[in-house]
Amino acid sequence: MVALVVLGVWLQRALPVVAVSAALALIRRPRIGIVLLGVSVGCLGATRSDHEWRHAVPRSLGAYSGRVCLVTDPAPVQGAVAAVVEIDGERFQVWARGSPGRRLSPRLAGECAAMQGRRRVLDIEAAHRAAIRHVVGRFDINRIGDWDPGGVADRASNRVRRLFAAGASLVREPDDALFAGLVIGDDRYQSIAVIEHFRSAGLSHLTAVSGSNVAFVLAAAAPVLRRLRPALRWAATLGAIAWFAALTRFEPSIVRASVMAAIAATGALLGREKPPGRVLALAVGALVLVDPMLVWSVGFWLSVAATAGVALLSGRIAALLPGPRWFAVPAGVTIGAQIAVAPVSLLVFGTLPIVSVPANLLAVPVAGFVMLFGLPAGLAAGALGGAIGRVVQLPSGLGTRWVATVAALAARIEPPAPWPAVGWVCLVAFLGIRAMRCAKVGAWRST
């Protein structure tokens with residue numbers, strides 16, 4: 001059913017969904033109710049996708065004067081300040097320089113101001129990329145008036161963001177920007193060199209908040225959650241998930257992880273826990289129906305593929321690897337995730353670094369400590385400030401420096417093409433040989 005939803009969203013047509021459903025019905029012969037449900041959700045996906053693309057153009061253009069609210073946190077981009085704003089329910093991209101840029105830079109998502117400017121259309125290529133983020137045009141700012149802090153939820157979220165930013169600034173440069181990226185996914189101020197190191201080392205996922213961040217937040221809250229009654233524990237769990245998703249600005253990867261965590265928590269409450277693969281499928285199907293544009297989001301598919309690799313492949317790969325379990329299990333998780341993201345990574349970035357396997361084994365455990373320790377430590381350091389705050393942040397700084405060093409070294413030793421492809425072929429061949437040997441041993445033992 002999830003595949004039918006994705007197919008309908010991708011093609012924006014109901015006829016292919018009906019055709020594929022009919023073919024599957026002939027092959028698998030499921031109950032008629034299952035077939036009708038699959039056709040219904042697939043056609044619903046096609047309808048939702050067509051609706052979103054039809055509304056991916058601005059209703060009005062030209063001069064505008066009125067209330068404008070930030071949708072994203074402003075970020076420095078090539079000498080300008082870039083952000084997404086909302087005007088009369090529509091989203092526009094902003095690149096501000098000069099006085100508007102200086103006034104925009106310290107603000108955060110959810111804050112609003114009276115602005116004057118002009119709404120314009122984007123060129124065709126930029127418009128397609130922007131539409132995936134529900135952006136319909138460009139807004140050139142001429143003047144910005146007084147700011148107001150937005151709604152209650154926005155004020156609460158931004159208060160925590162600013163407090164954490166104050167704590168992150170107590171980590172020694174240049175690791176302060178990386179620390180913010182590891183803990184809450186705020187990568188606005190990371191240098192180009194650091195971004196390239198993490199991409200070349202296959203560690204970019206560490207600065208994109210995802211399931212591990214949600215798991216660490218729930219682990220930190222576990223001592224309190226365990227003391228609550230089941231229904232109240234479920235409500236508090238969903239509240240903690242929603243709070244962290246808002247804090248990290250609802251990036252596609254964190255939304256996927258949050259929905260999966262909410263489904264798992266609901267299953268635990270009802271006594272109907274599902275395997276990770278089923279939870280992932282339910283989350284993907286629900287999210288794509290709510291926001292069809294996710295089908296074209298590279299970050300979303302990288303997150304989904306990595307999760308599928310961990311859920312479906314990591315245990316099998318770990319069983320095939322020689323050596324102790326403390327090595328085989330994390331190596332299986334790393335290899336499973338990297339194999340699963342290979343199609344997306346190769347199609348979009350044209351590479352799949354072979355050094356990602358040892359780099360992840362060295363960096364992920366320490367990055368996990370930074371994620372778990374960093375959020376409370378960053379908030380405490382921001383509140384305490386000064387020398388005491390720097391002492392509190394010492395472990396965070398050391399862990400972040402380790403992760404940055406691993407990324408830099410891995411990027412330096414990554415061999416040029418075609419050697420990474422050769423390395424992956426050899427690794428997959430080794431796993432295949434091990435699987436065949438294990439199958440033969442199992443058959444011999446059964447006889």
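The values are calculated or read from the model by the stated rules, or taken from the named source; none is laboratory data. Being a predicted model, the structure only gives us computed values, none of them experimental. Virtual Cβ from ideal backbone geometry, glycine too; neighbours counted across all protein chains shown. Protein only, heavy atoms only, side chains kept; ligands, DNA and RNA dropped before computing areas. Shrake-Rupley method; radii C 1.70, N 1.55, O 1.52, S 1.80 Å.
Annotations
- Spin-label model distance (nm) - residue 156 vs residue 319, 7 Å beyond Cα toward Cβ: 4.5 nm
- For the pair residue 394 and residue 250, a Förster radius of 30 Å applied to the C-beta separation gives a FRET efficiency near 0.40, rounded to the nearest 0.05.
- FRET efficiency estimate (nearest 0.05) - Cβ-Cβ, residue 232 to residue 163, R0 30 angstrom: 0.65
- Look at the Cα gyration tensor of the range 141-265: its axes a ≥ b ≥ c give a/c of at least 1.5 with a/b at or below b/c, and that counts as oblate.
- With eigenvalues of the C-alpha gyration tensor scaled by 5 and rooted, the chain, Å: 37, 31, 23
- Only Lys, Arg, Asp and Glu carry charge here, each on its Cβ (+1 for the first two, -1 for the last two); on that basis the chain has a dipole of about 1060 debye about its Cα centre.
- Trypsin sites (Lys or Arg not before Pro) within the range 1-87, DSSP loop, no more than 13 other Cβ atoms inside 10 Å: 31, 59
- Per residue, the accessible area of the range 313-414 comes to 47 Å², computed with a 1.4 Å probe over protein heavy atoms only.
- Across the range 331-358, the residues whose backbone nitrogen lies under 15 Å from the label position 7 Å along the beta-carbon direction of residue 430 are 331-336, 339, 354-358.
- Separation of the range 1-64 from the range 238-253 is 27 Å, based on Cα centroids.
- Quotient of C-alpha Rg and 2.2 N^0.38 Å, computed over the range 235-313: 1.07
- Highest-MSF residue in the chain out of 217, 135, 35 [GNM, Cα springs under 10 Å]: 35
- Largest to smallest in accessible area, the residues 326, 95, 10 fall in the order 326, 10, 95 (1.4 Å probe, all protein chains included).
- Heavy atoms of residue 86: accessible area, 1.4 Å probe, square angstrom to 10: 80 Å²
- Förster radius 45 Å - calculated FRET efficiency between residue 13 and residue 379 (Cβ-Cβ, nearest 0.05): 0.40
- Between residue 188 and residue 243, the modelled label-to-label distance comes to 2.3 nm, taking each label 7 Å out from Cα in the direction of the beta carbon.
- Area accessible to solvent at residue 87, 1.4 Å probe radius, in Å²: 0 Å²
- Label-to-label distance, nm, for residues given as residue 65 and residue 143 (7 Å Cα→Cβ offset): 0.7 nm
- Part-to-part distance (alpha-carbon centres) for the range 143-213 and the range 352-410, which is given in Å: 13 Å
- Additional length obtainable on full extension of the chain from residue 417 to residue 126, 0.36 nm per residue less Cα span: 101.7 nm
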